[in-house]
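Asks: Would you mind keeping the following structure in view while I ask a few things?
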Amino acid sequence: MSSSDVVRRYLARLDLPEPPPVSAKGLRAVHEAHLRTVPFENLSINMGEDIPLRHRAFAEKVALRRRGGICYELNGALYWLLKKLGFDVVLGSCRVWADGRLTHPGDHMIVLVTLDSRSSDVRIADVGFGAHAVKPLRLGEVGEQRDSTGTYVVRPVGAGGFDVLHDDRPVYRIEPGHRSLEDFKAVYWWQRTSPESRNTQRTVCSLPTDDGRITLSNNELTRTAGGTKEVRELDDAAVLAAYHDYFDIVLDQVPRPRLPPA
């Protein structure tokens, strides 16, 4: 299949009738549509599906197989699509704040989009972090950035890095410099194979809704709406139905954690 056909199928998956303009408005349209329609999910890891570390493979997973993925897959696919649409894109590496400290380098991958090099207008495109900003954030010290999910601040730190904060809580640190997909080879392997990886310890599939979020983790369905949370334990038949009804994913068996905690 040609790249143009994959782009067409990709845009159809995002419910975008035509290619968006190469502009801030176009980037936001793609970003918001991606978050709304493509779930964050680690099912391939736990079902033994081998997804090669290639932008085209990630794009085909989203566009042709109508699946989601973890951050490397989702943002790797987004990078491919934006590049094909004519955007100026590079990859960025992040360390995530967890339990008051930073995780290892490359624990998260983002896309940096330059809209105007003369004015240093660079946006953070991130559709692979689960519950996060709906619109692309501006990179650099520009004060508070309002989003439907809260208030964000992106501030310089160290020599060329940036901290991203959500409602005054540090989320992740963007490391200096640009990356290629190959730079994430080792950590991508670790995320899929290590018993210490959160992606092998539980299955997860998650999407935002109009008023909250819906997440299926193992056999537990969690729905948040208007500040309230409902948690239900499902039997296997209901799990398969939930994947179809809420995430448009058709499976013939229930995914199980590859390496559940002892």
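Any read-out appearing in this document is the output of simple, stated calculations on the displayed coordinates, not a laboratory observation. Note that this is a predicted model, so its numbers are computed, not measured. Here the Cβ is made from the backbone with ideal geometry for all residues, glycine too, and neighbour counts use every protein chain on show.
Asks: So, in Å, what gap is there between the alpha-carbon centers of segment 78-109 and segment 190-206?
Replies: That distance is 18 Å.
Asks: Next question. Based on the Cβ-Cβ distance from E49 to H244, what FRET efficiency comes out when R0 is 22 Å, to the nearest 0.05?
Replies: 0.75
Asks: Can you give the angle from 0 to 90° between the axis of helix 3-13 and the longest principal axis of the chain, with both taken from C-alpha atoms, to the nearest 10?
Replies: Roughly 70 degrees, rounded to the nearest 10.
Asks: Follow-up question, since we're still on this one. Taking only C-alpha pairs under 8 Å that are 6+ residues apart, what is the relative contact order of segment 199-262 in percent? Please report the intermediate quantities before stating the final value.
Replies: Values: 98 pairs, mean separation 21.1, N = 64.
Normalised by residue count, the contact order of segment 199-262 is 33 percent.
Asks: How large is the Kirkwood hydrodynamic radius of the chain, counting all unique pairs of alpha carbons, in Å?
Replies: Numbers: mean 1/r = 0.0529 Å⁻¹.
For the chain, inverting the mean 1/r across all distinct Cα pairs yields 18.9 Å.
Asks: Using only Cα atoms and rounding to the nearest 10 degrees, what angle (0 to 90) does helix 24-37 make with the longest principal axis of the chain?
Replies: 10 degrees
Asks: With a cut-off of 8 Å between alpha carbons and a minimum separation of six or more residues, what is the relative contact order of the chain in percent? Numbers along the way, then the final one.
Replies: Values: 516 pairs, mean separation 43.7, N = 262.
About 17 percent, as a whole number.
Asks: Could you pull out every one of the aspartates and glutamates with an alpha carbon less than 14 Å from that of K84, ignoring same-chain neighbours closer than 8 positions?
Replies: In chain and number order, the partners are D5, E18, E60.
Asks: Report, in degrees rounded to the nearest 10, the 0 to 90 angle that the Cα long axis of helix 236-247 makes with the longest principal axis of the chain.
Replies: Roughly 30 degrees between the two axes.
Asks: Calculate, in nm to one decimal, what L234 and K185 gain on full extension: separation in residues at 0.36 nm each, minus their alpha carbon distance.
Replies: That pair, L234 and K185, stretches by 14.1 nm at full extension.
Asks: On to the next question. Output the direction-averaged projected area (hull surface divided by four) of the convex hull of the alpha-carbon atoms of segment 190-247, in nm².
Replies: The orientation-averaged projected area of the Cα hull of segment 190-247 comes to 4.7 nm².
Asks: List the longest stretch of the chain that has no exposed loop site; here a site is one of the GluC sites (Glu not before Pro) assigned by DSSP to anything other than H, G, I, E or B, with at most 13 other Cβ within 10 Å.
Replies: After excluding every exposed loop site, the longest remaining stretch is 50-140.
Asks: Classify segment 1-156: rounded, prolate or oblate, from the alpha-carbon gyration tensor (a ≥ b ≥ c, eigenvalue square roots; a/c under 1.5 rounded; otherwise prolate if a/b is larger than b/c)?
Replies: Oblate is the answer for segment 1-156, as a/c is 1.5 or above yet b/c matches or exceeds a/b.
Asks: Ok, one more. Filter K135/K185; K61/K185; K83/K185; K25/K229 down to the pairs with a C-alpha to C-alpha distance above 26 Å, please.
Replies: With Cα atoms farther than 26 Å apart: K135/K185; K25/K229.
Asks: Fewest to most neighbouring Cβ within 10 Å: what's the order for L82, L251?
Replies: L251, L82
Asks: Next up: Can you give the FRET efficiency for R28 and A159, using 1/(1 + (r/R0)^6), R0 = 30 Å, r = Cβ-Cβ distance, to the nearest 0.05?
Replies: E between R28 and A159, to the nearest 0.05, is 0.50.
Asks: With a 10 Å Cβ neighbour count serving as the proxy for reagent exposure, in which order, fewest first, do D147, D163 appear?
Replies: Ascending number of Cβ neighbours within 10 Å: D147, D163.
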